[in-house]
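Just below is one structure, and these are the notes that go with it.
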Amino acid sequence: MLIAGGGPVGLSLAALLGCQGVPCLVLEADASWCEGSRAICLSRRSQEILGWVGADGPLTAKGLSWVGGRSYFRGAEVLHFQMPTEPAERFAPMINIQQYYVEQFAHAAAVRSGAADIRWSARVRGVAQQSDGVLVDVATGDGRSHRVRADWLVACDGGRSTVREQLGLQLEGTQYEGRYVIVDIEQDTRRAVERLAWFDPPSNPGSTILMHRQPDNIWRIDYQISDREDPGEAVKPENVLPRVQAHLAMIGETAPWRPLWISIYNAKCLTLPTYRSGRVLFAGDAAHLVPIFGVRGLNSGLDDAGNLAWKLALVHKGHAADTLLDSYSCERVPAARENIAFGAKSTEFMAPPHRGFALMREAALRLALVEPGVRSLINPRQTTPVEYLNSPLNVPDLAGRFGAGARPGLPAPEASLRTSQGLQHLTALFGGRFTALYFSNRAHGPEYLQSAAAGPRSGAAAPHLIRIAGQGAAATGAVTDELGQAWRRYDAAEATLYLIRPDGYVMARWREADSSPAEIDRALDRALKDSPT
Amino acid sequence: MNDVDIESTYTALAECIGRVGEAKTALLLATLALDLLNQQPDADRALAHILQAERLANT
């Protein structure tokens with residue numbers, strides 16, 4: 001398994017594959033982790049995915065968690081939003097952390113797995129497809145060239161992907177003209193961790209400014225420049241620093257500060273039409289570019305890695321036909337299109353593409369002062385977990401068997417459960433294998449379920465059986481739904497069975513599993529052998 | 001209207017303004033405003049909206 005690109009997506013994919021015992025080689029053109037903080041907001045879903053490789057501990061210890069934000073028009077607050085959150089949940093809806101830390105923690109997890117080999121200063125030069133593999137030409141830092149053969153190549157080599165270019169593939173979509181300057185500064189602050197936005201602030205009339213706190217006393221400041229400004233001039237410190245100083249003074253951040261990193265950005269809504277080309281797969285920015293507003297860039301790249309890793313591992317180990325990999329593209333291309341649609345909506349507000357949107361924004365910001373009903377227009381539409389409702393892997397529900405809740409194709413709901421190790425989150429059990437959640441108050445589940453978990457499948461292809469006993473029921477060999485969350489959120493009755501994919505998505509469910517013993521096997525066969533597309 | 005409705009309405013009007021162009025934007029918005037004001041239950045409430053819009057426009 002060869003991974004082109006050792007950024008956050010490539011390193012996370014290496015860690016995910018490594019933890020499944022799949023040997024992989026990562027080639028990264030740069031000499032080390034990235035410079036500048038780059039992507040800084042990690043969603044709850046991303047924290048879960050990095051949790052599968054044990055990187056969630058350092059991530060949440062270092063990151064700054066947040067649950068909401070405020071937007072201001074001139075001096076007045078026009079929006080205070082909160083993301084869905086509840087007490088004692090596993091992860092905050094969002095944490096802020098510099099990308100180089102994410103890369104560092106993913107790298108450490110990859111190395112810890114013992115199966116990943118990461119080479120810095122190794123640049124992919126050429127890619128040639130074969131029927132059963134890929135030949136890749138690599139230039140290393142010592143000036144030498146190498147040819148590497150791999151069964152599969154995953155391109156995680158970013159927006160300017162060499163692999164994509166080598167295969168002659170084009171991103172499709174649109175770009176927006178409006179430009180934002182991105183500045184990181186170091187400054188002591190005690191301000192609460194929130195997403196902060198100012199429209200037309202007195203410090204920078206006519207501009208839009210975003211601020212996020214990061215660990216190590218670093219502020220991320222983004223501000224829009226006018227269409228008349230030259231992008232090259234706009235990033236010069238003599239043009240950046242006075243604007244930053246004016247804004248810090250306006251909001252009362254008076255401690256001494258220094259700039260660390262300056263960059264410029266315009267919103268792009270681009271994707272490849274498919275993420276599989278023969279023996280090559282695309283993930284992260286190599287596959288799609290989405291606007292930064294709503295923080296869907298790195299988060300969607302990690303979602304790609306989480307979707308792809310288990311499929312690659314099953315194919316690599318011979319448990320699944322390689323057509324399983326087509327489902328990666330079937331699921332993640334629509335996910336990218338959804339991310340792009342949300343990102344485009346946010347961009348239309350944050351960087352209005354024409355006079356119509358600019359005028360409407362002026363109206364919405366004013367009306368928001370007095371009319372709560374329009375405040376949602378200002379909401380940044382932060383990333384939420386994508387649904388794979390049309391996935392070919394889903395086993396359709398029998399009509400009327402379930403009420404609301406966790407349909408096939410939705411992320412499996414979280415629940416707090418009593419285990420022998422104390423209270424545990426259900427999602428902490430996902431990430432490696434298929435999971436069969438069997439809801440029952442009887443101490444002995446049906447025999448076929450025990451045998452489905454024991455074989456004839458092996459390793460990752462065999463479901464891990466978890467019996468969830470209801471409140472107050474016999475818990476021998478089971479976990480207990482002490483708070484009643486699991487039975488309620490899964491709309492469970494006695495003998496309800498859910499089959500959860502390794503990446504924590506519901507694949508199939510049965511109201512009374514006892515009466516249909518072969519169906520879990522059929523669902524797995526369908527995914528692994530037939531691999532419907 | 002829910003959040004999705006107000007958002008799609010916002011986008012539709014923004015694109016409409018883009019289509020008619022700058023010279024006709026004021027006429028478009030005046031026509032739209034008169035149509036919506038006509039749906040108010042009485043003149044007092046219509047006038048309240050007019051005065052609020054004037055105040056916000058001068059913000």
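Flag: A:A351 matches the condition of being crowded, with 17+ Cβ neighbours inside 10 Å and either within 14 Å of chain B (Cβ to nearest Cβ) or at pLDDT below 95 (or both). Restricting segment A:207-236 to residues that are in a loop (DSSP other than H, G, I, E, B), within 33 Å of the chain's Cα centre (by Cα) and not hydrophobic (A, V, I, L, M, F, W, C), the residue that is modelled with the lowest pLDDT is A:D227. Out of all the residues in segment A:25-32, is one or more outside the structural domain of A:G143 (by TED's automatic domain parsing) and touching a residue at least 24 places away in the same chain (Cβ under 8 Å)? No.
Looking across segment A:136-156 at every residue that is surrounded by 15 or more Cβ atoms within 10 Å (Cβ to Cβ) and free of Cβ contacts under 8 Å to residues at least 24 places away in the same chain, the one that is nearest to A:T323 (Cα to Cα) is identified as A:D137. Taken together, A:S440, A:S420, A:S451 contain a single residue that is modelled with pLDDT of 90 or more, in the same structural domain as A:R526 (by TED's automatic domain parsing) and among the polar types (S, T, N, Q), which is A:S440. Note on segment A:271-315: among residues that are basic (K, R) and either at pLDDT 95 or above or over 18 Å from the mean Cα position of the chain (by Cα) (or both), the one that is surrounded by the most Cβ atoms within 10 Å (Cβ to Cβ) is A:K311.
In segment A:366-391, which residue that is facing chain B (nearest Cβ under 9 Å) and surrounded by 21 or more Cβ atoms within 10 Å (Cβ to Cβ) is farthest from A:G69 (Cα to Cα)? So, considering only residues that are facing chain B (nearest Cβ under 9 Å) and surrounded by 21 or more Cβ atoms within 10 Å (Cβ to Cβ), the one farthest from A:G69 (Cα to Cα) is A:R366. Per the conditions (1) more than 16 Å from the chain's Cα centre (by Cα); (2) assigned to a loop (DSSP other than H, G, I, E, B); (3) within 14 Å of another protein chain (Cβ to nearest Cβ), the sole criterion not satisfied by A:A320 is (3). Listed conditions (1) in contact (Cβ under 8 Å) with a residue 24 or more places away in the chain; (2) surrounded by fewer than 20 Cβ atoms within 10 Å (Cβ to Cβ) are all met by A:G318, apart from (1). Restricted to segment A:109-131, and to residues there that are at pLDDT 95 or above and assigned to a loop (DSSP other than H, G, I, E, B), the residue that is surrounded by the fewest Cβ atoms within 10 Å (Cβ to Cβ) is A:G114. Of the residues making up segment A:77-126, those that are of a type in the set (A, V, I, L, M, F, W, C) and farther than 28 Å from A:L64 by Cβ are A:A115, A:A116, A:W120, A:A122, A:V124.
Contact annotation: residue pairs with Cβ atoms under 9 Å, 6 or more positions apart or on different chains, pairing a residue in segment A:225-254 that is in contact (Cβ under 8 Å) with a residue 60 or more places away in the chain with a partner that is in a helix (DSSP H, G or I), are A:E253/A:H247. Somewhere in segment A:91-108, is a residue over 18 Å from the mean Cα position of the chain (by Cα) and part of a loop (DSSP other than H, G, I, E, B)? The answer is no; no qualifying residue exists.
Is there a residue being over 26 Å from A:E186 (Cβ atoms), of a type in the set (S, T, N, Q) and in contact with a Pro (Cβ under 8 Å, 6 or more places away or on another chain) anywhere in segment A:3-24? Scanning segment A:3-24, I find no residue that is over 26 Å from A:E186 (Cβ atoms), of a type in the set (S, T, N, Q) and in contact with a Pro (Cβ under 8 Å, 6 or more places away or on another chain), so the answer is no.
Of all residues in segment A:325-344, those satisfying the criterion of being at pLDDT below 95 and either small (G, A, S) or assigned by TED's automatic domain parsing to the domain that holds A:A14 (or both) are A:A341, A:G343, A:A344. Using the structure shown, decide if A:T208 is among the polar types (S, T, N, Q), assigned by TED's automatic domain parsing to the domain that holds A:G306 and crowded, with 17+ Cβ neighbours inside 10 Å. No. Where strands (runs of 3 or more DSSP E) fall entirely within segment A:2-49, those with at least 2 residues that are under 18 Å from A:F282 (Cβ atoms) are at A:2-4, A:24-27.
The values are calculated or read from the model by the stated rules, or taken from the named source; none is laboratory data. In this text the structure is predicted, and so the values were computed from the model without any measurement. Note that we place each Cβ from the backbone using ideal geometry, even for glycine, and neighbour counts take in every protein chain shown.
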